[in-house]
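Have a look at the structure below before the remarks.
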Amino acid sequence: MDKRQMSAALESLSVWLSNKERLGAVPAAIECAGEFDFDGLRYYIFKFQRALESEWLIGISGGYKEGSLTNCGHVFSEMDPYVERTAREAGVMMAQFIRDFMREKNIEEKERRERVNRLFSGNCEYVSKTSLDVESIAMQFVKSETRSHITVGTVDIPSGKVVVSDPLCYLAMGICCPVLKESIPAGSYPAEVAVVRNKDVGIRMCTARLKVKPTPAVYYSNAESVESNSVMLKGWVMSGFPVETGVMSFCDAEGAKEYKAFSDKWQSENPEKNNYDDYFARFFAESAARYPEYQRERGDFIEWKNPDGGKRMVMISSGFGDGFYQCYWGYDEFGDICELVVPMIDSKLLE
């Protein structure tokens with residue numbers, strides 16, 4: 001018996017058993033009770049006790065290549081009693097079970113990655129479009145088994161000019177945060193987000209929407225921005241905005257300036273700190289605790305009020321994360337602007 005390898009196997013099983021879903025602590029006693037080879041790898045049989053004087057249980061740890069102290073992850077116990085005369089047979093059965101389970105799990109994980117890759121590829125085409133289908137957006141805000149939506153906060157727009165941007169990066173720097181050309185009546189408006197649940201990617205924010213009027217949109221038009229605030233590429237004005245931190249926001253044009261002033265002040269007072277980890281993360285965590293059914297554990301949306309300027313804005317996780325997103329004005333049957341939308345994920349892909 002390779003004693004160094006056996007000691008490594010004992011340590012692996014002890015750590016595995018200490019998980020709170022198993023014993024919740026290292027075994028009170030554990031001893032090597034044998035070894036065997038299976039599928040070209042070495043396995044070690046152990047008997048262990050939950051507590052002293054309790055019955056002995058059986059577990060295995062393996063498989064190891066000759067001379068290696070790193071196993072392939074086949075560490076397992078069904079918490080069955082240890083019986084010396086059948087220990088080797090029980091160990092082989094556990095090795096067979098865990099090997100088959102891991103192979104099946106690897107196949108499932110490979111298939112999941114392939115599905116996710118297809119989702120990302122299909123969604124890249126979706127967010128790069130410069131036209132928008134009314135029905136597809138409307139359906140995202142219709143509740144189903146996988147879809148839901150929520151009003152995440154209120155945005156104060158006293159100037160009538162809207163800025164859509166990445167608040168943690170570009171808005172804080174005052175660049176690539178376009179002011180939209182079209183104006184809306186001065187006021188405060190609810191911001192909503194359509195949410196979808198998918199077994200491969202979890203909860204995701206699909207479309208952010210600023211509701212200007214309660215009427216439904218009958219058509220959408222790409223929201224152009226003021227040239228001085230636009231994203232430029234080789235001299236051309238691009239529609240849309242970049243995201244570098246996985247978060248987008250709606251805010252007022254004057255509020256954007258106040259936000260930058262706040263960010264500059266905060267950063268100067270906290271030169272070694274990060275604006276998300278050391279400031280905004282707690283707001284997202286509070287939101288997640290308040291609305292856990294609509295977002296991931298760390299939080300996906302907040303309403304934030306500038307403590308200096310007093311204007312409210314909203315921040316929302318941007319679909320699959322970083323990228324370049326388009327904005328669209330929605331017009332109602334009277335030809336009035338009724339909403340501003342940012343499509344980030346095609347929910348049909350996830351459904």
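The values are calculated or read from the model by the stated rules, or taken from the named source; none is laboratory data. If you're wondering where the values come from, they're calculated on a predicted model, not measured in any experiment. Reconstructed Cβ throughout: ideal geometry from the backbone, glycine too, with neighbour counts over all protein chains shown. Calculation scope for accessible area: heavy atoms of the full protein, side chains included, ligands and nucleic acids excluded. Shrake-Rupley method; radii C 1.70, N 1.55, O 1.52, S 1.80 Å.
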Given the conditions (1) within 13 Å of L13 (Cβ to Cβ); (2) open to solvent by 60 Å² or more (accessible area, probe 1.4 Å); (3) charged (D, E, K, R), which single one is not true for K47? (2)
How many residues does segment 137-159 hold that are in a loop (DSSP other than H, G, I, E, B), closer than 18 Å to N306 by Cβ and either of a type in the set (S, T, Y) or open to solvent by less than 20 Å² (accessible area, probe 1.4 Å) (or both)? 1
Candidates G34, G40, G24, filtered to the one that is touching a Gly at 6+ places or on another chain (Cβ under 9 Å) and at pLDDT below 95: G40
Could you please give the count of residues in segment 1-21 that are closer than 16 Å to H74 by Cβ, surrounded by 13 or more Cβ atoms within 10 Å (Cβ to Cβ) and not small (G, A, S)? 7
In the set A285, A261, A256, the lone residue that is outside any loop (DSSP other than H, G, I, E, B) and within 18 Å of the chain's Cα centre (by Cα) is A285
Filter segment 23-37 for residues that are without any contact (Cβ under 8 Å) to a residue 24 or more places away in the chain and in a loop (DSSP other than H, G, I, E, B); the one that is surrounded by the most Cβ atoms within 10 Å (Cβ to Cβ) is P27
Unmet criterion (only one of (1) open to solvent by 10 Å² or more (accessible area, probe 1.4 Å); (2) at pLDDT below 95; (3) part of a loop (DSSP other than H, G, I, E, B)) for I345: (1)
D252 fails exactly one of (1) under 23 Å from R197 (Cα atoms); (2) surrounded by 20 or more Cβ atoms within 10 Å (Cβ to Cβ); (3) modelled with pLDDT of 95 or more; (4) of a type in the set (D, E, K, R), namely (1)
In segment 146-171, how many residues are free of Cβ contacts under 8 Å to residues at least 40 places away in the same chain and within 10 Å of G255 (Cα to Cα)? 0
Here is a check on your reading of the model: is N123 touching a Gly at 6+ places or on another chain (Cβ under 8 Å), over 28 Å from A256 (Cα atoms) and surrounded by 15 or more Cβ atoms within 10 Å (Cβ to Cβ)? yes
Being farther than 16 Å from R99 by Cα, of a type in the set (S, T, N, Q) and surrounded by 13 or more Cβ atoms within 10 Å (Cβ to Cβ) is the requirement here; does S54 meet it? no
Can you tell me which residue among I98, I107 is surrounded by fewer than 17 Cβ atoms within 10 Å (Cβ to Cβ), in a helix (DSSP H, G or I) and not basic (K, R)? I107
Hey, could you check segment 321-337 for residues that are open to solvent by less than 30 Å² (accessible area, probe 1.4 Å) and assigned to a loop (DSSP other than H, G, I, E, B) and say which is farthest from N123 (Cα to Cα)? D332
Can you find a residue that is under 18 Å from the mean Cα position of the chain (by Cα) and open to solvent by less than 30 Å² (accessible area, probe 1.4 Å) anywhere in segment 272-282? yes
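What do you reckon, is S347 more than 27 Å from G187 (Cα to Cα) and either touching a Ser or Thr at 6+ places or on another chain (Cβ under 7 Å) or without any contact (Cβ under 8 Å) to a residue 12 or more places away in the chain (or both)?
Details: more than 27 Å from G187 (Cα to Cα): yes; either touching a Ser or Thr at 6+ places or on another chain (Cβ under 7 Å) or without any contact (Cβ under 8 Å) to a residue 12 or more places away in the chain (or both): no.
Judged against the criteria, S347 is not a match.
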Looking across segment 292-320 at residues that are within 12 Å of the chain's Cα centre (by Cα) and of a type in the set (D, E), the single one that is most open to solvent (accessible area, probe 1.4 Å) is E297
Search segment 57-79 for residues being part of a loop (DSSP other than H, G, I, E, B) and among the small types (G, A, S), and hand back the single one that is least open to solvent (accessible area, probe 1.4 Å). S77
For D200, state whether it is within 26 Å of G309 (Cβ to Cβ) and either at pLDDT 95 or above or surrounded by fewer than 16 Cβ atoms within 10 Å (Cβ to Cβ) (or both). no
With the first residue restricted to segment 120-135 and required to be over 14 Å from Y328 (Cα atoms), and the second required to be of a type in the set (A, V, I, L, M, F, W, C) and at pLDDT 80 or above, Cβ contacts under 8 Å at 6 or more apart or on different chains are F120/F320; N123/F320; N123/I345
Cβ-Cβ below 6 Å, separation at least six or inter-chain, first residue in segment 289-300 and touching a residue at least 40 places away in the same chain (Cβ under 8 Å), second part of a loop (DSSP other than H, G, I, E, B) and of a type outside the set (A, V, I, L, M): which pairs? none
